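*Asks:* Dropping a structure here in structure tokens format, bear with me for questions.
The values are calculated or read from the model by the stated rules, or taken from the named source; none is laboratory data. Because the structure is predicted, anything quoted here is derived from the model rather than measured. Please note: Cβ atoms are built from the backbone with ideal geometry, for glycine as well, and neighbour counts cover all protein chains shown. For accessibility, only protein heavy atoms count, side chains too; no ligands or nucleic acids. Shrake-Rupley method; radii C 1.70, N 1.55, O 1.52, S 1.80 Å.
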Amino acid sequence: MKMAKPWEEDDGLEKLRKYCAWQERCRSEAWTKLSLLGCPRADMGRLLEQLEYEGFLDEGRYARSYARGHFSQKGWGRVKIREALRGKRVQEDMITEALELIDEVAYGERLAEIARKKLADGDVTDWETQQKLRAYLEGKGYEWDVIDAAIKDLQIEAKEN
């Protein structure tokens, strides 16, 4: 079995810099990485502050990147993004700022696209199908009022076709 090397601050800090440079990280992820590297708890706060000072860690930048990426790539709604960022212990004001950057029109279009794809050949006028669609969209993190508006739009489209 391979033994972990004893903690060396310069080596550990360099590893953490590379870890943070690879992709955006939040404080809790960096804290976990320091812990895995064997960093003493007493040094962690100081090292995280140093990384923030050097620009390797920025919670606001992380929150913006996370919100933008999870909305555009995974189709997550604001509710799910907010809860995921809270789980990573990002400050509430930074979460709110990041979510405000999501364009309202793009948000509605993305929800409609996801709803159409999920619905595919289903009948949007069927109550049971609507409830399943609502549950799915709620699971993706969209708000009830936005889901209702999207379903009404789908019903109007169905009547026109």
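*Asks:* Could you state the angle between the C-alpha long axis of helix 41-54 and the longest principal axis of the C-alpha atoms of the chain, as a value from 0 to 90 degrees rounded to the nearest 10?
*Replies:* Tilt of helix 41-54: around 70 degrees.
*Asks:* Which one of L13, W144, G87 has its Cα pushed farthest toward the positive end of the charge dipole of the chain, where Lys and Arg give +1 and Asp and Glu give -1 at the Cβ?
*Replies:* L13
*Asks:* In addition: Cut-off 10 angstrom, C-alpha nodes, Gaussian network model of the chain. Which of L111, L85, L101 fluctuates the most?
*Replies:* L101
*Asks:* Along Cα→Cβ, 7 Å out, is where each label goes; now give me the distance between the ones at S65 and E104 in nm to one decimal.
*Replies:* According to this spin-label approximation, the distance is 3.0 nm.
*Asks:* Subtract the Cα-Cα distance of Q23 and E160 from 0.36 nm times their separation in residues, and report this length gain in nm to one decimal.
*Replies:* Working: separation 137, 0.36 × 137 = 49.32 nm, distance 4.62 nm.
Length gained between Q23 and E160: 44.7 nm.
*Asks:* Among R68, R41, R78, which one shows the biggest mean-square fluctuation in a GNM of the chain, springs joining Cα atoms closer than 10 Å?
*Replies:* It is R41.
*Asks:* Could you tell me which label, among [x] 13.0; [y] 9.4; [z] 9.9, carries the value of mean projected area of the Cα convex hull in nm² calculated for this structure?
*Replies:* [x]
*Asks:* How much of the accessible area of the chain, in percent, comes from carbon and sulfur atoms when a 1.4 Å probe is used? Don't skip to the answer; put the middle values down first.
*Replies:* Numbers: 5210 of 10250 Å².
Looking at the chain in its full context, I get 51 percent from C and S.
*Asks:* If you don't mind, another one. I need to check one value: relative contact order of the chain, counting alpha carbon pairs closer than 8 Å and at least 6 residues apart, in percent.
*Replies:* Values: 134 pairs, mean separation 32.6, N = 161.
Rounded, it is 20 percent for the chain.
*Asks:* Would you work out which of A67, L51, A120 lies farthest towards the positive end of the dipole of the chain? Charges go on Cβ: Lys and Arg +1, Asp and Glu -1.
*Replies:* So the residue we want is L51.
*Asks:* In whole Å, largest first, what are the principal axis extents of the Cα atoms in region 29-114?
*Replies:* Between the extreme Cα coordinates on each principal axis of region 29-114 lie 49, 22, 18 Å.
*Asks:* Then there is this: At a threshold of 8 angstrom on Cα-Cα distance, excluding pairs fewer than six apart, so keeping six or more, what relative contact order does region 53-127 reach in percent? The partial results should precede the final answer.
*Replies:* Details: 39 pairs, mean separation 25.2, N = 75.
Value for region 53-127: 34 percent.
*Asks:* So, with +1 on the Cβ of K and R and -1 on the Cβ of D and E, and no other charges, what is the size of the charge dipole of region 1-95 about its Cα centre, to the nearest 20 debye? Spell out each step's value before the answer.
*Replies:* On the way: 20 positive and 16 negative charges, 135 e Å.
So the magnitude is around 640 debye.
*Asks:* Against the longest principal axis of the chain, how steep is helix 27-36, in degrees 0 to 90 to the nearest 10, with axes from Cα atoms?
*Replies:* 50 degrees
*Asks:* Which links in K88/K132; K80/K152; K80/K159; K88/K118; K33/K88; K33/K140 stretch past 20 Å when you go from one Cα to the other? Could you put the intermediate results ahead of the total?
*Replies:* Working: K88/K132 30 Å; K80/K152 23 Å; K80/K159 32 Å; K88/K118 29 Å; K33/K88 14 Å; K33/K140 29 Å.
Those over the limit are K88/K132; K80/K152; K80/K159; K88/K118; K33/K140.
*Asks:* Could you give the accessible area per residue of region 15-131, probe 1.4 Å, as a whole number in Å²? Walk me through the numbers before you get to the answer.
*Replies:* Working: 6970 Å² over 117 residues.
Per-residue value: 60 Å².
*Asks:* Same structure, new question: Only four residue types carry charge here, +1 at the Cβ of Lys and Arg and -1 at the Cβ of Asp and Glu. Report the dipole size of region 46-153 about the Cα centre in Debye, rounded to the nearest 20.
*Replies:* Using Cβ point charges on Lys, Arg, Asp and Glu, region 46-153 gives about 440 debye.
*Asks:* Is any residue of region 88-121 close enough, with backbone N under 19 Å, to a label point placed 7 angstrom from the Cα of R41 along the Cα-Cβ axis, and if so, which?
*Replies:* Answer for region 88-121: 89.
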